[in-house]
Amino acid sequence: MNRDDFKILKETVHGRQLVYLDNAATSQKPQQVIEAIAEAYNTWNSNIHRGVHHLSQIATGKHEEARKKVAAFIGAKSSDEIIFTKGTTDSINALAFSFGEAFIHEGDEIIVSGLEHHSNIVPWQMLCERKKAVLRHIPLREDLSLDMEAFKALLSGKTKLVSVAHVSNVLGTIQPIAEIIRLAHEQGVPVCIDGAQSVPHMKVDVQALDCDFLAFSGHKMYGPTGIGVLYGKKEWLDQLPPHEGGGEMINHVRWSGTTFNELPYKFEAGTPNFVGSYALHKAIDYMEQTGLEAIEKHERELTNYCERLLGEIEGVTIYAAGQPKAGVISFNVGAIHPFDVGTLLDQQGIAVRTGHHCAEPLIDEIGVPGTVRVSFGLYNDKDDIDSFIAALKKAIMILS
Ligand code: C6P
């Protein structure tokens, strides 16, 4: 893992060496990605799918190559199944609107889980309100794992879609999505996976999983902000109407009406973020050069190491302790408010996230005002964790 590719890691914060442990919020970008963005604007910037001129052809080619790269990266059957969006939130909102228009009627049910990020709750709530449908959620067991027996009981003839996070952004726990997909498919129900916290950390293969939709964000996987992906099986996407109008999503526009373009363009209204897709392509190259298995192994070792050291500190409660995690750990120290811990860590150069992590129903379920969350990326190492643990001990001493 080459830390030198990430110049920001050499920065100091409050006069202290930065230790960046907030990767679940957004990852840092390697030089290769930053340079790709500069290269795009310096040498071939031009709107895509519109011009016959040289630069436009280059830009169009780069965007479509990126689509092929993403398709191969997640094991999609075809690049037509890859829709570029602004990020996970945008992907889920697009799906909720479009799927809702086509398939959701009064009394229908959609199932999410009790540990979702707001981005995988609110779009479905909005849809349910619009269509007088019902949003159900898989309850959690005491150890904060999904109650799969309850999930089986929730699935019924009324269920039209299941949408669950692969990895919890609060707990780091990996959900049994293969089992969820199998059970839902037995009832003929499609499944959307929120891959925001899994795709950056492990190999996710949509055909092996047989998920129907997958949403993820470029900025959490070493790519830029403003680019994300909605994968959908072609047989589903073909049946869905566009969620936005204008730009390349049309076939013909007449005063009498508009016909829509084919996949994937039907879902990409307006000028696409072609510089973002190019930079995402470079980010995937970077992850593949490092190796997905190597990233997963490295982050697992860091997580285990950190959880062990945290567990040795008196008064620390780790949530979902001992369960396999993908690079994320949430904890609290006695009754000390997580903001206070986060602030004292920040003063020592350690960047962590505190609060509800945009997953209020889960935080309510745990029954705390929030948590302190550390999350790892491929460039973190044991020294980062040692610095964090030393800073945490100091913070606890001050706050106790
Ligand atoms: N979670 C975190 O600090 P966007 O913002 O669209 O790129 O991703 C939304 C999102 C959806 N699902 C999950 C599981 C997520 O973790 C996130 C983003 C960040 O936990 C920012 S709130």
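The values are calculated or read from the model by the stated rules, or taken from the named source; none is laboratory data. Since the model is a prediction, treat every value here as computed from it, not as a measurement. Methodologically, a virtual Cβ is constructed for each residue, glycine included, from the backbone with ideal geometry; neighbour enumeration extends over all protein chains shown.
Observations on the model:
- Of the residues making up the stretch 84-118, those that are within 22 Å of Ala25 (Cβ to Cβ) and β-branched (Val, Ile, Thr) number 5.
Per-residue answers, yes or no, for (1) of a type outside the set (Gly, Ala, Ser); (2) over 25 Å from Leu140 (Cβ atoms); (3) touching a Phe, Trp or Tyr at 6+ places or on another chain (Cβ under 6 Å):
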position	(1), (2), (3)
Asp285	yes, yes, no
Ala294	no, yes, no
Glu299	yes, no, yes
Ile313	yes, yes, no
Pro324	yes, no, no
Gln347	yes, yes, no
Glu365	yes, no, no
Gly370	no, no, no
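- Screening the stretch 314-365 for residues that are within 13 Å of the ligand (Cβ to nearest atom) and part of a loop (DSSP other than H, G, I, E, B) and picking the one that is surrounded by the most Cβ atoms within 10 Å (Cβ to Cβ) gives Gly327.
- Test: Gly257 is more than 17 Å from Ile37 (Cβ to Cβ), in contact with an Asp or Glu (Cβ under 8 Å, 6 or more places away or on another chain), away from the ligand (no atom under 16 Å from the Cβ) and assigned by TED's automatic domain parsing to the domain that holds Thr159: no
- Residue match in the stretch 93-103 (condition: out of contact with any Phe, Trp or Tyr (no Cβ under 9 Å at 6 or more places or on another chain), hydrophobic (A, V, I, L, M, F, W, C) and either outside the structural domain of Gly157 (by TED's automatic domain parsing) or at positive phi (or both)): no
- Candidates are the residues of the stretch 132-162 that are more than 16 Å from the ligand (Cβ to nearest atom) and part of a strand (DSSP E or B); the one that is nearest to Ile318 (Cα to Cα) is Arg136.
- Here is the figure for the stretch 366-379: residues that are surrounded by 21 or more Cβ atoms within 10 Å (Cβ to Cβ) and either assigned to a strand (DSSP E or B) or more than 16 Å from the ligand (Cβ to nearest atom) (or both) total 7.
- Options Ile37, Ile111; residue that is over 18 Å from the mean Cα position of the chain (by Cα) and in a strand (DSSP E or B): Ile111
For every residue, the table says whether it meets (1) away from the ligand (no atom under 11 Å from the Cβ); (2) under 15 Å from the mean Cα position of the chain (by Cα); (3) small (Gly, Ala, Ser).
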{"site": "Val164", "(1), (2), (3)": "no, yes, no"}
{"site": "Leu183", "(1), (2), (3)": "yes, no, no"}
{"site": "Glu186", "(1), (2), (3)": "yes, no, no"}
{"site": "Cys192", "(1), (2), (3)": "yes, yes, no"}
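- Restricting Lys266, Lys234 to residues that are modelled with pLDDT of 95 or more and either crowded, with 19+ Cβ neighbours inside 10 Å or in contact with a His (Cβ under 8 Å, 6 or more places away or on another chain) (or both) narrows the list to Lys266.
- Applying the set (1) surrounded by 17 or more Cβ atoms within 10 Å (Cβ to Cβ); (2) among the small types (Gly, Ala, Ser); (3) outside the structural domain of Lys131 (by TED's automatic domain parsing); (4) out of contact with any Leu (no Cβ under 9 Å at 6 or more places or on another chain) to Gly15 leaves exactly one unmet item: (1).
- Note on the stretch 96-117: residues that are over 19 Å from Lys158 (Cβ atoms) and within 15 Å of the ligand (Cβ to nearest atom) total 4.
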